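Enquirer: Take this structure first; my questions come after.
The values are calculated or read from the model by the stated rules, or taken from the named source; none is laboratory data. It should be emphasised that the depicted structure is a prediction, and the values quoted were computed from it without experimental measurement. With ideal geometry, Cβ positions are generated from the backbone for all residues, glycine too; neighbour counts draw on all protein chains shown. The accessibility values were calculated without ligands, DNA or RNA, using every heavy atom of the protein model including side chains. Shrake-Rupley method; radii C 1.70, N 1.55, O 1.52, S 1.80 Å.
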Amino acid sequence: MTHSAEVSWTLDGIEMFGTITAPDGDGPFPAVVLVAGSGPTDRDWNSPMLPGTNGSGRLLAEFFAEHGFAALRYDKRASGPHVVENLPRLAGTFSMASHLAELAAALDTLVADARIDRSRVIGLGNSEGCVHVLHYALAQAAGAMSVPLCGLVLAAPPGRSVGAVLDMQLSAQLAAVPGGEGILALVREATARFSAGGAMDPDGSIPDAVANVLRSFDSPVNLPFARELWNESAADGIGGVGIPTLVLIGEKDLQIDATADGDPLQAAAADNPLVTFAFPADANHVLKHEPRPRAEIVPGTNYNEDGTQLDTVAVETILSWAQRVIAR
């Protein structure tokens, strides 16, 4: 039996909200903190830009609780039900440091619960969230964090710069669009300007859906974080991780590629025996089971729709790894 409880805390004058899901009983339980992916993705890993509310974050928390782990998932200050009121207060303050502060505050809240064994807490990030848990682990190694993580799970981490990953994603989307090659050339002109320190300023002939993605990177509310993120890659720091780390990329992931991202990550971690890799054959970007061949997958589907389920191989791989880590 498991149960969930809402928790909240204040960071820089803004209230943050999360959910702790735990086994019944007094503990102490090992725990996992779940860090969601980019943009407005909420604590359950739902996004207003995608259909459905059956998010992998909630499902993972419930899965962990059913197997003896407590789990905290939280809304970043720029996601969840309070995003509209928070954004004006956050403008110009978004940075890697602000995301790290959110994770640190979430961990402080988690270990304040008497049922949690603070010596056995694992950080699990998805997509952009991998960058933040990795930064936390590196800061922890430098003695800067008060709550130690005993392990990391990086689910779909970028092994190339985020700018390069975006180029791959937009290339795939535009390949099926009439005139897509010309649009992609204009997209690359915009991203080159941004890479050089200028504004995206996308050409007016770029479709709105793509142009809005580009504009989001230099929107004043997203700076300076978007410029920091643009050149970020998990491969930059993974070799220096000092705690057990599982890197997991699904073969059906269309946003992070098991080869294009997995290869540089494996190369960067080649001399670090604490890092292990897994590539479940039918897991997508958010660890859902994807039965379709890659060529038949429509990007953004099978994420949060009703009836979608976590990929059994992926979550069993994470669980068995986590059980070994907490038993060390």
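Enquirer: With the structure loaded, tell me whether VAL221 is over 23 Å from GLN169 (Cα atoms) and open to solvent by less than 50 Å² (accessible area, probe 1.4 Å) or whether it fails that test.
Expert: Criteria met by VAL221.
Enquirer: Next question. Quick test for you: out of LEU134, LEU103, LEU138, LEU107, pick the one residue that is open to solvent by 10 Å² or more (accessible area, probe 1.4 Å), at negative phi, in a helix (DSSP H, G or I) and hydrophobic (A, V, I, L, M, F, W, C).
Expert: LEU138
Enquirer: Please enumerate the residues belonging to segment 42-59 that are crowded, with 18+ Cβ neighbours inside 10 Å and either in contact with a helix residue (DSSP H, G or I) (Cβ under 7 Å, 6 or more places away or on another chain) or small (Gly, Ala, Ser) (or both).
Expert: Across segment 42-59, the qualifying residues are ARG43, ASP44, TRP45, SER47, GLY55, SER56, GLY57.
Enquirer: While we're on this one: For segment 141-156, give me the residue count where each residue is part of a loop (DSSP other than H, G, I, E, B), within 15 Å of ALA104 (Cα to Cα) and of a type outside the set (S, T, N, Q).
Expert: So the count comes out to 8.
Enquirer: Kindly indicate the residue of segment 141-170 that is among the small types (Gly, Ala, Ser) and over 24 Å from LEU287 (Cβ atoms) and also surrounded by the most Cβ atoms within 10 Å (Cβ to Cβ) among those meeting that condition.
Expert: GLY163
Enquirer: Looking only at residues that are among the hydrophobic types (A, V, I, L, M, F, W, C) and in a loop (DSSP other than H, G, I, E, B) in segment 281-311, which one is surrounded by the fewest Cβ atoms within 10 Å (Cβ to Cβ)?
Expert: Result: VAL298.
Enquirer: Moving on to the next point. Is it the case that some residue within segment 32-51 is among the small types (Gly, Ala, Ser), touching a Phe, Trp or Tyr at 6+ places or on another chain (Cβ under 8 Å) and on the phi > 0 side of the Ramachandran plot?
Expert: No, segment 32-51 has no match at all.
Enquirer: Additional query: Looking at ARG89, is it of a type in the set (Lys, Arg), at pLDDT below 95, over 13 Å from the mean Cα position of the chain (by Cα) and loosely packed, with under 15 Cβ neighbours inside 10 Å?
Expert: Yes: the conditions hold for ARG89.
Enquirer: Being within 18 Å of the chain's Cα centre (by Cα), aliphatic (A, V, I, L, M), surrounded by fewer than 20 Cβ atoms within 10 Å (Cβ to Cβ) and not in a loop (DSSP other than H, G, I, E, B) is the requirement here; does ALA97 meet it?
Expert: Answer is yes for this residue.
Enquirer: Would you check if there is a residue in segment 19-36 being in contact with a Lys or Arg (Cβ under 7 Å, 6 or more places away or on another chain), crowded, with 24+ Cβ neighbours inside 10 Å and assigned to a loop (DSSP other than H, G, I, E, B)?
Expert: There is at least one residue in segment 19-36 that is in contact with a Lys or Arg (Cβ under 7 Å, 6 or more places away or on another chain), crowded, with 24+ Cβ neighbours inside 10 Å and assigned to a loop (DSSP other than H, G, I, E, B).
Enquirer: Filter segment 64-98 for residues that are aromatic (Phe, Trp, Tyr) and in contact with a strand residue (DSSP E or B) (Cβ under 6 Å, 6 or more places away or on another chain); which is nearest to LEU50 (Cα to Cα)?
Expert: TYR74
Enquirer: Could you please tell me which pairs satisfy a Cβ distance under 9 Å, a separation of 6+ or placement on different chains, a first residue in segment 117-132 that is closer than 16 Å to ILE238 by Cβ, and a second residue that is in a helix (DSSP H, G or I) and of a type in the set (Asp, Glu)?
Expert: Going by the 9 Å Cβ cut-off, the qualifying pairs are HIS132/GLU102.
Enquirer: Would you point out the residue of segment 42-75, among those that are touching a Leu at 6+ places or on another chain (Cβ under 9 Å) and part of a loop (DSSP other than H, G, I, E, B), that is farthest from GLY13 (Cα to Cα)?
Expert: Ranking the qualifying residues of segment 42-75, first place goes to HIS67.
Enquirer: Right, LEU34: more than 12 Å from the chain's Cα centre (by Cα) and of a type outside the set (Ser, Thr, Tyr) or not?
Expert: Spelling it out, it is not the case that LEU34 is more than 12 Å from the chain's Cα centre (by Cα) and of a type outside the set (Ser, Thr, Tyr).
Enquirer: For residues that are without any contact (Cβ under 8 Å) to a residue 60 or more places away in the chain and open to solvent by 50 Å² or more (accessible area, probe 1.4 Å), scanning just segment 251-273, find the one that is nearest to the chain's Cα centre (by Cα).
Expert: Within segment 251-273, the match that is nearest to the chain's Cα centre (by Cα) is GLU251.
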